Amino acid sequence: MARPHLSIVIPAYNEEDRLGASLPLIEAYVRDRGLDAEILVVDDGSTDGTASIASTYGRALKQPENRGKGAAVRRGVLEAAGRWVLFTDADLSTPIEEHAKLAEIARDEDLDVVFGSRGLPDSRVEISQNRLRQLMGQTFNLILRRITGLSHRDTQCGFKLIDRSRTRPLFERMVVDGFAFDVELLFLCDRFGLRVKEVPVIWRNSDRSTVGILTAPPKMLLDLLRVRWRFRRGLYNP
């Protein structure tokens, strides 16, 4: 059986309602543009009808328990069939149509990873986060720059297009199960010489964020330190 060109991976934890709205939009985008693509939802231990809705529109992978967004994306990438993988959030905070922009840039500039950003001058943030979450994100970005040496303005936008064959060796060694997995990926891309570009996208905040204001920052900080420690010990090396 021929492999699709693109796999659209969506990590989901109790996202029955949002998937019911977003999956038809993704399916219509794939159909209207004539894309050779599969839709792959990774159900991260949901207790609602996430898996049932996902299977209506494509493949559904079921995690035996809730492990975190990073673990779900990692499994989706490793089991995806496409040469390229777009992973996006279930709420489509970045509209699926922005994929066309990322794909064009990846092709024209021969890149391995192209990821959406809310922090560039041409980014269009149409619905903003509340001030506390904005401050939390800005503080995290300053800390990660210090710890990792990365210069990206926004590592956490959940809209990234990757060359699966080039990034698969990294995903096989990644260990962060939580929200800092994006930083782990970009840090490893930087250290192992992959071609990466941050591009402005449209973004509309969802008021149902699962990032806990009190619990997430300490865990993300520990994960950043863990990534740096593992790299220095050579634990990411092929």
If one computes P(r) from the Cα atoms of segment 8-140, what percent of pairs lie at distances over 17 Å?
-> 63
Summing -39500 (n - 2.57) over every DSSP H run of at least 4 residues in the chain and dividing by its residue count gives a helix-only mean residue ellipticity at 222 nm, to the nearest 500 deg cm²/dmol, of -13500 deg cm²/dmol
How much length is gained if the chain between ALA100 and ARG145 is pulled fully straight, taking 0.36 nm per residue apart and subtracting their Cα-Cα distance, in nm to one decimal?
-> 13.3 nm
Residue by residue through segment 62-79, which ³J(HN,Hα) values in whole Hz follow from phi under the Karplus form 6.51 cos²θ - 1.76 cosθ + 1.60 (θ = phi - 60°), with glycine and proline marked x?
-> 10, 6, x, 8, 6, 10, x, 4, x, 5, 5, 5, 4, 5, x, 5, 5, 9
Simple SL model, points at 7 angstrom along Cα→Cβ for TRP229 and LEU25; separation in nm is 4.0
Order by protection proxy (mean Cβ within 10 Å, highest first), peptides 72-80, 125-133 | 72-80, 125-133
Å² per residue, accessible surface of the chain at 1.4 Å = 48
Rounded to a whole %, the carbon-and-sulfur portion of the accessible area of the chain at a 1.4 Å probe is 51
Sort HIS99, HIS5 from largest to smallest accessible area, using a 1.4 Å probe on the heavy atoms of the protein chains.
-> HIS5, HIS99
Only Cα pairs under 8 Å and at least 6 apart count here; give the relative contact order of segment 1-142 as a rounded whole percent.
-> 28
If the cut-off is a Cα-Cα distance under 15 Å, which aspartates and glutamates reach LYS219, setting aside same-chain residues fewer than 8 apart in sequence?
-> ASP177, ASP182, GLU184
Relative contact order (percent, whole number), the chain, Cα cutoff 8 Å, 6+ residue spacing = 23
Any chance you could run the full-extension gain for SER52 through VAL125? It's 0.36 nm times the residue separation minus the Cα-Cα distance, nm to one decimal.
-> 23.1 nm
Convert each backbone phi in segment 173-190 into a coupling constant with the Karplus relation 6.51 cos²θ - 1.76 cosθ + 1.60 (shift: θ = phi - 60°), then list the ³J(HN,Hα) values in order as whole Hz, x for Gly and Pro.
-> 10, 6, 10, 6, 8, x, 6, 7, 5, 4, 5, 4, 4, 5, 4, 5, 4, 5
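The values are calculated or read from the model by the stated rules, or taken from the named source; none is laboratory data. Here the structure is a predicted model, which means the values were calculated and not measured. Quick reminder, even Gly has a Cβ in these numbers, built from the backbone with ideal geometry, and neighbours come from all protein chains shown. Remember, those area values only see protein heavy atoms, side chains included, never the ligands or the DNA or RNA. Shrake-Rupley method; radii C 1.70, N 1.55, O 1.52, S 1.80 Å.
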